[in-house]
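First the structure, in the form of structure tokens, and then the observations on it.
Quick note: the coordinates plus some simple rules give every number you see, no bench work behind them. Being a predicted model, the structure only gives us computed values, none of them experimental. Neighbour counts run over all protein chains shown; Cβ positions are idealised from the backbone, glycine included.
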Amino acid sequence: MTPVQKREARTYYRTIWISDVHLGTRGCKAEYLLDFLRHTDSDSLYLVGDIVDGWRLRKSWFWPQSHNDVVQKLLRKARKGTRLIYVPGNHDEFLREYTGRHFGGLEVVQDIIHVTADGKRLLVIHGDAFDGVVKYARWLALLGDWAYTLALATNHWYNLARRRLGFPYWSLSAFLKEKVKNAVKFIDNYEDAVTAEARRRGVDGVVCGHIHKAQLREMNGIIYCNDGDWVESCTALVEHMDGRLELLHWAEKRALSMLEAA
């Protein structure tokens, strides 16, 4: 198989989870997501919140063709038989008014329990309800959103220069999260909170997004799965046909295939 043929191969999964795409923002890596959607198929595809960034679109309209292509690609998958489930987040909270409804093959739910092929029960939530800043200090969340947007803009130009020099993608905002003590503490508290909710609900694990930090690990007997995002890490959580869970780091895969094809 040639490198080009290898790159064009399509992989079938039982389930795919993606979140925090933030369509409508300049930081959205829509091209990476389109590449992912073209090379994967699944029985079920969960959209785990913040797919569309209503906060940013209310301030200024930004909707390039690639963002429209993502929406069309998702709806096309639904028409072809993929079960498409949308769990709204805080940035697309306007969709929470339509919980329980179906739109052209798209199901909108507040949260849902997914049962894997090997019988694990996973609670699927966006996770903003367990973020004290979003829940109790919305003004601070909006200020943080502004700072985050600035970091993403800086990240965009930095990576443009890296690409021209032949270096792979690198996330400034993800690096800052790892280095800032309070951010690390916030992430730890968030993970503890969502796993506690999974335990309270009597399930085996939880799939969430919101904090833009992909993770797959066991925490005190609960499987914690954060599918990451498509503005920094370009990650997705997938379930193989036997029930095995895996995090895919698509930006890394894409960079590798580009080097192979060069």
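Which net charge results when you count Lys and Arg as +1 and Asp and Glu as -1 among the other residues whose beta-carbon is under 14 Å from that of Ser44? It would help to have the intermediate numbers written out before the result.
Values: positive: Arg14, Lys77, Lys80, Arg83; negative: Asp41, Asp43, Glu107, Asp227, Glu239.
So the environment of Ser44 carries a net charge of -1.
Assuming R0 = 35 Å, can you tell me the calculated FRET efficiency for the pair Met241 and Ala193, based on Cβ-Cβ distance, to the nearest 0.05? Could you put the intermediate results ahead of the total?
Numbers: r = 32 Å, r/R0 = 0.91.
It comes to 0.65.
Tell me the trypsin sites (Lys or Arg not before Pro) within region 48-89 that lie in a loop according to DSSP and have at most 16 other beta-carbon atoms within 10 Å. Can you show the working numbers first?
Numbers: sites: Arg56, Arg58, Lys59, Lys73, Arg76, Lys77, Arg79, Lys80, Arg83; in loops: Lys80.
Within region 48-89, the qualifying trypsin sites (Lys or Arg not before Pro) (loop, at most 16 other Cβ atoms within 10 Å) are Lys80.
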Query raised in the report: For Lys80, which aspartates and glutamates qualify as cross-link partners when the Cα separation must be under 12 Å and same-chain residues fewer than eight apart are set aside?
Result: Asp41, Asp43
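Express in nm, to one decimal, how much length is gained between Glu31 and Leu75 on full extension, taking 0.36 nm for each residue of separation and deducting their alpha carbon distance. Write down the numbers at each step before the final one.
Details: separation 44, 0.36 × 44 = 15.84 nm, distance 1.67 nm.
My answer for the length gained is 14.2 nm.
What's the FRET efficiency of Arg200 with Arg96 using the Cβ-Cβ distance as r and R₀ = 22 Å, to the nearest 0.05? The partial results should precede the final answer.
Numbers: r = 21 Å, r/R0 = 0.97.
Once the sixth-power term is evaluated, E becomes 0.55.
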Report task. Treat the count of other C-beta atoms within 10 Å as a stand-in for reagent exposure and order Phe36, Phe94 from fewest to most. Result -> Phe94, Phe36
Query - Linear extension gain, Trp61 paired with Arg83, 0.36 nm per residue minus alpha-carbon span - result: 4.9 nm
Query raised in the report: Arranged by the count of other C-beta atoms within 10 angstrom, fewest first, what order do Ser66, Ser233 take?
Result: Ser66, Ser233
Report summary line: Links exceeding 21 Å between C-alpha atoms in this model, out of Lys29/Lys120; Lys29/Lys73; Lys29/Lys253, come to Lys29/Lys120
